[in-house]
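Engineer: The following block contains the structure, expressed as structure tokens.
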Amino acid sequence: MKNTRNPSIESVATPRAVAIGVGLAVVVNIFSLSAHYHIGYSHLTFAHIDLGLLIPFFLGVLGPNIILRAARPSWALRNRELLFVFVLGWVGFMVPTWGMSNYLVGAMTTAEYFASPENQWRELFFPYLPDWVTLTNEQNANRNYHMGIPQNVPIPWTAWVVPVFWWMSFFVGLLATGLCFVILMRRQWANHERLSYPLAQTPVVLTETNNEAEAIFPSIMRNRMFITGAVTTFSIMLWNTAAYWTQWSSFPVDANHFINLELGQAFPAQVIRMNVLTLAFSYFVNIDVLFSVWVFQIINTLEQGFIARFGIASDSGTAVPGGLVAVQFVGGMIAFAIWGFWIARRHLRTVWKHVLGNDTNLDDEDEFISYRAALVTGACGLMYIVLWLYAAGMSFPVIFVFLSFLFLFYFALCRVVAESGLVFLDLPINAHQFTVAMLGSASLSPQNLTVLGVTNAFSRNWKTFTMIIPSHVARLKSVLGIRGGVLLFWAAITFAISAITAIAFTAYSGYRLGGASNYYADVAAGDPGFYSLVVTWMQNSTQITGSEVLFLLTGMGIVIGMIVARHYISWWPVSPIGFVVAAGGPVRNAFFPVFLAWLIKTILIRTGGIRLYNEVQPLMIGIMVGYVIGASIAILADILYFPGNIHELQFF
């Protein structure tokens, strides 16, 4: 990644770049939410860089900018302006659907609407549910949101003010705490551990131009390998789109083409499914990480099958959905996170000395804000979310355990993505469920269980939005050549506007566009507000079992062993990352494209070395660009000709 230090700030965060970047974030939110709620595409925002971001950026920013460079060069955005626009759009991409809004709106709205005499929610947990975090039925606000209202009836916006305010204040505290982690660990990861942040490389490559004064297209788009990849993939997508009408045999690159491989009755099926974005991004992942990802999925299948064959209970449904093998992998994730803090201990000690005013070799001018300001911000954010949870009804001991697991899981996934660039990763375990499993539901009061259920609004956040994207934005700061405070300011403004846009559009959709009940089964993943989990905890004694503890400790030991082997054995071929993320469903679904990327990289490196691998990189970027442009045409065809019967493009 090229480092361009000390350029003028005006050449990056220009008024036009800020306006376009914030506008891109708004469009990303409206496009993603519309596609998800009203068209039916549920996987445009699942990955950390996905179609919900790339389609608006390519068609609304990068493409028009290329045209401007040809027609009016002085009007076109410069390289770093273009990258800055992408960064703000990426920040906005943290919010819609699987980023934040699905979980948040579900927590606010579904308890009141889905409560019934049959499920006994009002008797079981409504007495402990804070009314300031949910949308009540005052002015029929909740019922009308789910059922819709006529155009002549005003939308009850005032009913949303209280829950949205308190939830937004909570997310500000959560983001402040995550920002503290990002700032404190950036130098450790970038300079000491030399993590490559592969996902941050993609926007740099897409916006970089060697001869900015004369070139119309970004440098990579003038490469023959890029053109080959883009034209080929675009042609495949056009063929598949035409097959909507002609019934031609389509290329198996969409969500509907897959094969289930089964080894036997007791063994779980391994899905073989292509995902073009996963393949393209995986090409830039280290080969040992790719190898470990697909190998541990095979081990996952074999271990589950053998456990079932021997009659060992493998699905207790307590600590981790998925049984003993999944518990083992989560144990590895916990060990990986603890190890991450352990190897950073010297850096963190130096940071503390720097904060106290002692002489150190640290320079925090490269950070968003100073280390002292980061610690104060993080401490204030943490204190606020603790008090918020306590006010909601959670006791301090439970808050301590819950937040410890939450930030441990967040930290582990952020560290994995920074090193690997696996674009499809999600949280394999939810902190609130793990907290109940470790403490035991019988030992927790109904009030604690209720608030733990409400925390699904953020603890089930698959994209870990408080750390992963902010950490990559921090990494791109040096490429942008912009002061950290300026970048942080505009990123914060963009996030706030995006959050308001997402919630307002979601509310508007419910009231004016047919009622949320028409699409909310998909939004809530089939569970009306996940509050049924609270009832399960209250009515069933749930606690981690002895066998789960054994598998948890075994997983921790395996990861520690791999870390030690990787440190002392130079030829050690297996990264612990594959074990750490193996419990996640998207990892299992990504088996084939990850294996294919590993196979391609292995063949290229062994036949032509690093030189040949580098020469093929533009081909993979071209494949991604061609797929995105082709996907936009496929979506347009669905909107115009197949409303209500769309063709899902990808699955994670």
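Engineer: Would you point out the residue of region 208-245, among those that are at pLDDT 90 or above and among the β-branched types (V, I, T), that is surrounded by the fewest Cβ atoms within 10 Å (Cβ to Cβ)?
Structural biologist: Among residues in region 208-245 that are at pLDDT 90 or above and among the β-branched types (V, I, T), the one surrounded by the fewest Cβ atoms within 10 Å (Cβ to Cβ) is V231.
Engineer: Also, quick follow-up: Picking from L425, L487, which residue would you name as being open to solvent by less than 10 Å² (accessible area, probe 1.4 Å) and assigned to a helix (DSSP H, G or I)? Walk me through it before giving the result.
Structural biologist: Numbers: L425 fails: assigned to a helix (DSSP H, G or I).
None of the other options fit; the residue is L487.
Engineer: How many of the residues in region 359-406 are within 29 Å of I429 (Cα to Cα) and not polar (S, T, N, Q)? Break it down into steps so the answer makes sense when it comes.
Structural biologist: Quick first cut of region 359-406, residues within 29 Å of I429 (Cα to Cα) only: 374-375, 377-406.
From what is left, the residues that are not polar (S, T, N, Q) are 374-375, 378-394, 396-403, 405-406.
So the count comes out to 29.
Engineer: Which one is farthest from N589 (Cα to Cα) among residues in region 246-265 that are over 31 Å from the mean Cα position of the chain (by Cα) and touching a residue at least 12 places away in the same chain (Cβ under 8 Å)? Let's see the steps before the verdict.
Structural biologist: Looking only at region 246-265, we keep the residues that are over 31 Å from the mean Cα position of the chain (by Cα), and these are 246-249, 263-265.
Those still in the list that are touching a residue at least 12 places away in the same chain (Cβ under 8 Å) too: 263-264.
Working: L263: 17, G264: 19 Å.
Checking each candidate, the answer is G264.
Engineer: Residues in region 113-135 that are more than 21 Å from N518 (Cβ to Cβ) and open to solvent by 50 Å² or more (accessible area, probe 1.4 Å): how many?
Structural biologist: Counting residues in region 113-135 that are more than 21 Å from N518 (Cβ to Cβ) and open to solvent by 50 Å² or more (accessible area, probe 1.4 Å) gives 9.
Engineer: Same structure, new question: Select from region 103-123 the residues that are farther than 16 Å from T450 by Cα and among the aliphatic types (A, V, I, L, M) and list them in ascending order.
Structural biologist: V105
Engineer: Here is a further query. For region 67-93, what are the residues that are over 20 Å from H48 (Cβ atoms) and outside any helix (DSSP H, G or I)?
Structural biologist: Of everything in region 67-93, those that are over 20 Å from H48 (Cβ atoms) and outside any helix (DSSP H, G or I) turn out to be R72, A76, L77, R78.
Engineer: Of S42, S34, which residue is over 27 Å from L480 (Cα atoms), open to solvent by 10 Å² or more (accessible area, probe 1.4 Å) and modelled with pLDDT of 90 or more?
Structural biologist: Values: S42 fails: modelled with pLDDT of 90 or more.
Testing whether each residue is over 27 Å from L480 (Cα atoms), open to solvent by 10 Å² or more (accessible area, probe 1.4 Å) and modelled with pLDDT of 90 or more leaves just S34.
Engineer: Could you grab me the full set of residues in region 382-422 that are touching a Leu at 6+ places or on another chain (Cβ under 6 Å) and open to solvent by 10 Å² or more (accessible area, probe 1.4 Å)?
Structural biologist: Once the filter is applied, which keeps residues that are touching a Leu at 6+ places or on another chain (Cβ under 6 Å) and open to solvent by 10 Å² or more (accessible area, probe 1.4 Å), region 382-422 yields only E419.
Engineer: Moving to a separate point now. Criterion first (modelled with pLDDT under 95, under 23 Å from the mean Cα position of the chain (by Cα) and farther than 17 Å from V451 by Cα) does R186 satisfy it?
Structural biologist: Working: modelled with pLDDT under 95: yes; under 23 Å from the mean Cα position of the chain (by Cα): yes; farther than 17 Å from V451 by Cα: yes.
Criteria met by R186.
Engineer: If you don't mind, another one. When you look at T110, is it assigned to a loop (DSSP other than H, G, I, E, B), touching a residue at least 40 places away in the same chain (Cβ under 8 Å) and open to solvent by less than 10 Å² (accessible area, probe 1.4 Å), yes or no? Spell out how you get there, then give the answer.
Structural biologist: Details: assigned to a loop (DSSP other than H, G, I, E, B): no; touching a residue at least 40 places away in the same chain (Cβ under 8 Å): yes; open to solvent by less than 10 Å² (accessible area, probe 1.4 Å): yes.
Considered against the rule, which asks whether it is assigned to a loop (DSSP other than H, G, I, E, B), touching a residue at least 40 places away in the same chain (Cβ under 8 Å) and open to solvent by less than 10 Å² (accessible area, probe 1.4 Å), T110 comes out as no.
The values are calculated or read from the model by the stated rules, or taken from the named source; none is laboratory data. Everything quoted here is computed from the prediction, not taken from an experiment. For neighbour counting, all protein chains shown are included, and Cβ atoms are generated from backbone atoms with ideal geometry for every residue, glycine included. Accessible surface areas use protein heavy atoms only, side chains included; no ligands, DNA or RNA. Shrake-Rupley method; radii C 1.70, N 1.55, O 1.52, S 1.80 Å.
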